[in-house]
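Written out below as structure tokens is the structure these notes cover.
The values are calculated or read from the model by the stated rules, or taken from the named source; none is laboratory data. Everything numeric here is computed off the predicted structure, so don't read it as measured data. Counting neighbours? That spans all protein chains shown, and the Cβs are built from the backbone with ideal geometry, glycine included. Accessible surface areas use protein heavy atoms only, side chains included; no ligands, DNA or RNA. Shrake-Rupley method; radii C 1.70, N 1.55, O 1.52, S 1.80 Å.
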Amino acid sequence: MHLWSQLVLAVLPSVLPTTLGQHVLYLSGDGWTVSSKALNISVPGNVPSQVHLDLLDANVIDEPYHGLNDFNLRWIAENNWTYTSKPIDGLPSTSKSSWLVFNGLDTFTTIEFCGQFIGTTNNQFRQYTFDISNALKHCNGSPTVSLEFGSATKIANAIAADPNSQKWPSGVQGTFEFPNRWYIRKEQSDFGWDWGPAFSPAGPWQNIYLVQSEGEEDIYILNTGFDIYRKGQINHLAPDQSQPWVVNASIDYLGSLLRPPSMSIEIKDLESGKVLKSGSLDNVIVSGQTITGTTIVDADTPSLWWPTGMGKQSLYNVTVTIQNADDDLASVTRRTGFRTIFLNRSNITDTQLARGIAPGANWHFEINGREFYAKGSNLIPPDAFWPRVTEAKMQRLFDAVVAGNQNMLRVWASSAYLPDFMYDLADERGVLLWSEFQFSDALYPTDHPFLDNVAAEVIYNVRRVNHHPSLALWAGGNEIESLELPSAKQHNPPSYPRLVGDYEHLFISLILPLVYENSRSISYMPSSTNNGFLEVNLSAPVPMTERYDNGTEEKGHYHGDTDYYNYDSRVAFDFISYPVGRFANEFGYHSMPSLQTWRQAVDDEDLHFNSSTIMLRNHHYPAGSPDTHNYTRSALGMAEMTLAVEQYYPIPNKQDSVANFSAWCHATQLFQADMYKSEIQFYRRGSGMPERQLGALYWQLEDIWQAPTWAGIEYDGRWKVLHYVARDIFQPVIVSPFWNYTTGDLAVYVTSDLWEMARGTVRFTWIDLSGKPISRNSGTPLTKQFSVGALNTTRIYETNLEQLTLPDTKDAVLVIDLTARGCLPNADNKTITTFTHRNQFMPVFPKDLALKNPELKLSHDALAGTFTVEAQRAVSLYTWLDYPAGVVGYFEDNSFSLLPGEKRTLRFVVQKDETGGKWVDGVTVRSLWDQTTKF
Ligand SMILES: *[C@@H]1O[C@H](CO)[C@@H](O)[C@H](O)[C@H]1NC(C)=O
Ligand SMILES: *[C@@H]1O[C@H](CO)[C@@H](O)[C@H](O)[C@H]1NC(C)=O
Ligand SMILES: *[C@@H]1O[C@H](CO)[C@@H](O)[C@H](O)[C@H]1NC(C)=O
Ligand SMILES: *[C@@H]1O[C@H](CO)[C@@H](O)[C@H](O)[C@H]1NC(C)=O
Ligand SMILES: *[C@@H]1O[C@H](CO)[C@@H](O)[C@H](O)[C@H]1NC(C)=O
Ligand SMILES: *[C@@H]1O[C@H](CO)[C@@H](O)[C@H](O)[C@H]1NC(C)=O
């Protein structure tokens, strides 16, 4: 299992014949034992792995995701577990120094080598090295490595129980299942979250190496910090695009360099294979165990890296070699790109005011100096057990992101720092990754040992991922400024100033300088949702003065991004209630996964909407403690989904109970998708409104397991209705109705995120549900010409339902078809493209429609590999193609409307097939009509 891309290059003699006698043993793989003395269990183990996975492999436990194992497997988290290697034979006795290198241990580890104590660890996110030279010298026979993992849940509780540990006002800290997560540096959602289970896994979750040096001057590369930025660039100021590039190559190593070394670089264009630059690096400095050098690349020489939809993802191999007078000592290659990415939080200028932008501050991203609309979602841990997150699965996920017209993901703050292979996938596909440090929905300690531990974690991870052009931002944590501090103020006003001070100490005074020292290319903000800063003064004790609420109460002033949830489904489509800001980084509502996905985790007898298993897998709202279940809280979340369906959609009432369950799951997905669509089109319209809104990242991209959550993609990769609908509404040019169902006002807007003006026509067609035109088009013009500016919106039609001549509002659909011509927002390619978009408007909610059976007909063309759907008799709303278990992929379009006589021919993009092609026979089609039928 070779998961992370490794630094093994330096150690492969075939690649680097001149590397001196360094010996590197890869200790990952099988041949380990996992045991618990207390439980009298001993089973074969792997590295990288976690205890749950090895117990599963050994058949000691059932799949952790099955049924209620989230609760039943607490005993694993509550015990200590020891990983022991097999005896390591054949270690050369001549080596001068030996080390153990751990790329990740989860989390509290006591390490022994040959029975001798070597050290301890207490941070899942750090790379650790231990000198074992002495232990090896005194070892008789073949040594073993032993790693005892303490129970993280118990250790967190013990720290909390210590009278000297920091405490917070009650009601502030977010507890999901296991408490006290904020005391420890472990994936915070391992202790439970409102979309996930609480397994608190333990184990050597990343690779282990035994490194030995033979000579005087051997070095082993541990990590790199490669930084590419415009000369003079400072993290919080807009980069000057006319400046040359600085390439700063910094390398962390084990071993020793005797004489002042030199460094050389080669930058190779991966498309043409041409060398862009080669030669020695300047300003070579050795400081501690780090060696750094720089070089300059002309401003216009490299081809730029762009996000998807905005140009090419040009990539370069940067190879840096460390040399002494005679030899190459070590060499490392990182694939990287040339781009600037900047979070603009500067005050609104007079020029911007003159353009109609409301006063306040900017809060948007700029790629290579250009504003763009950020479209995407929030990425959560793709699995509770990282060692089983495969590259193949993540490829499918990132392909779905790009197919979904998403150009940015927010890598949310209580997961783990993403492995390099995921940044690699994002680099290749042009997906920007707004990345966060692992702190979320809590206040954190500020004692020195904690801060030192965090500092090491920050430095390691900032350096490790900095060369990836997809890296877009560093944020200190999630919802700390927008939720935790206000909650502390409310619960305990006297302690508020101290708690703000602690917040600023950790997230500004400590972390900001560490980011700036290790990256000139990436913007930093202390927490996910905020109103930007008033000032940055790098010599001040608190170098960034956050704005907090200063000036935000002034009417019509906007300063920041928004995070908005409202589980009162009665206002789900009341766009007046949506937040107005510069950027939306979180919003959403949960829904059920599909029947196919439920079947992976739940027994047949539990396939009822409110069966105890299904309810207890719903963690909105979380139990708040690990002591088993809380039906009261689970019921709240189930009720939110139920009420939302009942409010707006036909209520499923099928005779067959599994079919009924499936129809209910689908109904919750229809509501979810419609609500997100309503919000996304509102936020996108804001690009042309005074708030100059430039981003919509919904909560959440994908699932960690099979459960009711906010995800658009289910655990095994199946798209919910949401991911299709988001793909549709994230297209570059869209047309959207805005309906105030209280006043009857209806307005239709065209919104574009192209970088130049687009022109086109919108066709309005009022029909009844059998497809017949409504007389005189109900008073609505048949077409409207429009032009829409760059990153802008334009209202093309406005009316009130009272002014329309609709015979029956329950039997009417306005079909809105857009055709536009314009240039893709693409810096490399100026060809004119035709854009089309269909939307529809119904003057009542779906449950009140006088639906008719569209008599859908589905046919499959095996030769062409396509499916054709036809509505034979009536309008088909929310036309839904479904596919069986055993295959992963997506239809080219789904959840669309079809008029009678209209046909759609679509492909299904297969990402993985375990049915040997048989899945085609299981494809079905349904529509809103089928939600109303008994069978
Ligand atoms: C479990 O590990 C912790 C921390 O490593 C240690 O303090 C504790 O004594 C261990 N418990 C047992 C029962 O071995
Ligand atoms: C780029 O570097 C990687 C190793 O990081 C190597 O596998 C690949 O072959 C290199 N590509 C070229 C064109 O040199
Ligand atoms: C931005 O405006 C605020 C007033 O809202 C002011 O306090 C601050 O100093 C300004 N910042 C800069 C960098 O000019
Ligand atoms: C205004 O900013 C100052 C300095 O950051 C802060 O102390 C104060 O609490 C802020 N006031 C409001 C209302 O947010
Ligand atoms: C379950 O949740 C309810 C509502 O939050 C709470 O009042 C109750 O104390 C909880 N019960 C248990 C056993 O934790
Ligand atoms: C309709 O508009 C009124 C007045 O602007 C507003 O108060 C209300 O929230 C809107 N309702 C809906 C459903 O959008």
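Expressed in nm², what is the orientationally averaged projection area of the convex hull enclosing the Cα positions of region 392-589?
Value for region 392-589: 13.2 nm².
Give me the percent of the accessible area of the chain that comes from carbon and sulfur atoms, probe 1.4 Å, all protein chains in place.
The value for the chain is 50 percent carbon and sulfur by accessible area.
What percentage of all Cα-Cα pairs in region 3-211 are separated by more than 22 Å?
54
Compute and list, largest first, the equivalent-ellipsoid semi-axes of region 856-931 from the alpha carbon gyration tensor, each √(5λ) rounded to a whole angstrom.
22, 13, 10
Using a cut-off of 26 Å between alpha-carbon atoms, which lysines can reach residue 489, once sequence neighbours fewer than 8 places away in the same chain are excluded?
167, 555
How high is the relative contact order of region 308-417, given as a whole-number percent (alpha carbon pairs under 8 Å, six or more residues apart)?
Reported relative contact order: 21 percent.
Give me the extension gain from residue 777 to residue 25: residue separation times 0.36 nm, minus the current Cα-Cα distance, reported in nm with one decimal.
Extra length available between residue 777 and residue 25 comes to 263.1 nm.
Which is farthest toward the positive dipole end of region 856-931 among 890, 863, 874, measuring Cα position about the Cα centre, with Cβ charges +1 (Lys, Arg) and -1 (Asp, Glu)?
Toward the positive end, the furthest listed residue is 874.
Taking only protein heavy atoms and a 1.4 Å probe, what accessible area per residue, in Å², does region 536-657 have with all protein chains in place?
42
Length gain on complete extension for the stretch residue 566 to residue 138, per 0.36 nm per residue less the alpha carbon to alpha carbon distance?
Additional length available on full extension: 147.7 nm.
Could you pull out every residue, at least 5 positions away or on a different chain, whose amide H is within less than 5 Å of the one on residue 749? Hs are placed 1.01 Å off N in the peptide plane, and Pro or chain starts have none.
Amide H neighbours of residue 749: 736, 738, 796.
Residue farthest toward the positive end of the dipole of region 247-325, with Cβ of Lys/Arg at +1 and Asp/Glu at -1: which of 306, 292, 325?
Farthest towards the positive end: 325.
Can you return the lysines within cross-link range of residue 268? Criterion is Cα-Cα under 30 Å, with same-chain partners fewer than 8 residues away left out.
231, 277, 312, 393, 830
Using only Cα atoms, locate the centre of region 399-468 and the centre of region 226-303, then give the distance between them in Å, rounded to an integer.
The two parts, judged by their Cα centres, are 23 Å apart.
Given the Cα-Cα distance of residue 489 and residue 89 and 0.36 nm per residue of separation, how much length would full extension add, in nm?
The residue 489-residue 89 span can extend by a further 138.0 nm.
Give the calculated FRET efficiency between residue 795 and residue 350 to the nearest 0.05, with a Förster radius of 30 Å applied to their Cβ-Cβ distance.
0.65
Taking only Cα atoms of region 176-233, what ratio of Rg to Rh do you get with Rh as the Kirkwood inverse-distance radius?
My calculation puts Rg/Rh at 1.22.
Tell me the per residue accessible area of region 3-211 using a 1.4 Å probe; a whole number in Å² is fine.
With the other protein chains kept in place, region 3-211 gives 37 Å² per residue.
Could you compute the FRET efficiency for residue 164 and residue 110, with r as their C-beta to C-beta distance and R0 at 30 Å, rounded to 0.05?
0.85
Could you work out the Kirkwood radius for region 112-246, taking every pair of different alpha carbons, averaging 1/r and inverting it, reported in Å?
Kirkwood radius, region 112-246: 19.7 Å.
Tell me the accessible surface of residue 351 in square angstrom (1.4 angstrom probe, heavy atoms of protein chains only), to the nearest ten.
Looks like 100 Å² after rounding.
For the peptides 789-797, 224-232, 176-184, 274-282, what is the packing order when you average, over each peptide's residues, the other Cβ atoms within 10 Å and list the highest mean first?
Per-residue mean Cβ counts within 10 Å order the peptides as 176-184, 224-232, 789-797, 274-282.
Run the dipole for region 856-931 about the Cα centre, Lys and Arg Cβ at +1, Asp and Glu Cβ at -1, nothing else charged, and hand back the magnitude in debye, nearest 20.
Taking the Cα centre of region 856-931 as origin, the dipole is about 140 debye.
Over what distance in Å are the Cα centres of region 916-935 and region 600-647 separated?
26
Just the ratio, please: alpha-carbon radius of gyration of the chain over 2.2 N^0.38 Å, N its number of residues.
Working it through for the chain, the quotient is 0.97.
If you rank 628, 765 by how much accessible surface each has, with a 1.4 Å probe, what is the order from largest down?
628, 765
How much accessible surface area, in Å² rounded to 10, belongs to the heavy atoms of residue 548 with a 1.4 Å probe?
It works out to around 50 Å².
Are there cysteines in the chain with no other Cys C-beta under 4.7 Å, and if so, which?
665, 823
Students often get this wrong, so check it: of 677/720; 677/772; 810/857; 86/154, which have C-alpha atoms separated by over 19 Å?
677/772; 810/857; 86/154
Give the residue from 557, 381, 844 lying farthest towards the positive end of the charge dipole for the chain; charges sit on Cβ (+1 for Lys and Arg, -1 for Asp and Glu) and the dipole is referred to the Cα centre.
844
Compute the convex hull volume of the Cα atoms of region 731-849, divide it by the residue count, and report the result per residue in Å³ as a whole number.
98
Given region 302-435, what percent of its DSSP beta bridges are antiparallel, to the nearest 5?
About 65 percent, rounded to the nearest 5.
Counting Lys and Arg as +1 and Asp and Glu as -1, each charge on the Cβ, what is the dipole of the chain about the Cα centre in debye, to the nearest 20?
Using Cβ point charges on Lys, Arg, Asp and Glu, the chain gives about 2020 debye.
With an 8 Å cut-off on Cα pairs and a minimum separation of 6 or more residues, tell me the relative contact order of the chain in percent.
10
What does the charge dipole of region 605-655 about its Cα centre add up to, to the nearest 20 debye, if the Cβ of each Lys and Arg holds +1 and the Cβ of each Asp and Glu holds -1?
60
Mind listing which trypsin sites (Lys or Arg not before Pro) in region 682-748 are in a DSSP loop and have 14 or fewer other Cβ atoms within 10 Å?
Here no trypsin sites (Lys or Arg not before Pro) fit, given the DSSP loop and packing criteria.
Just want to confirm a number: the relative contact order over region 311-358, from Cα pairs under 8 angstrom separated by 6+ residues, in percent.
30
Cα convex hull of region 307-374: how many Å³ per residue?
137
Heavy-atom accessible area of residue 500 with all protein chains present, probe 1.4 Å, nearest 10 Å²?
Here the residue's solvent-accessible area equals roughly 20 Å².
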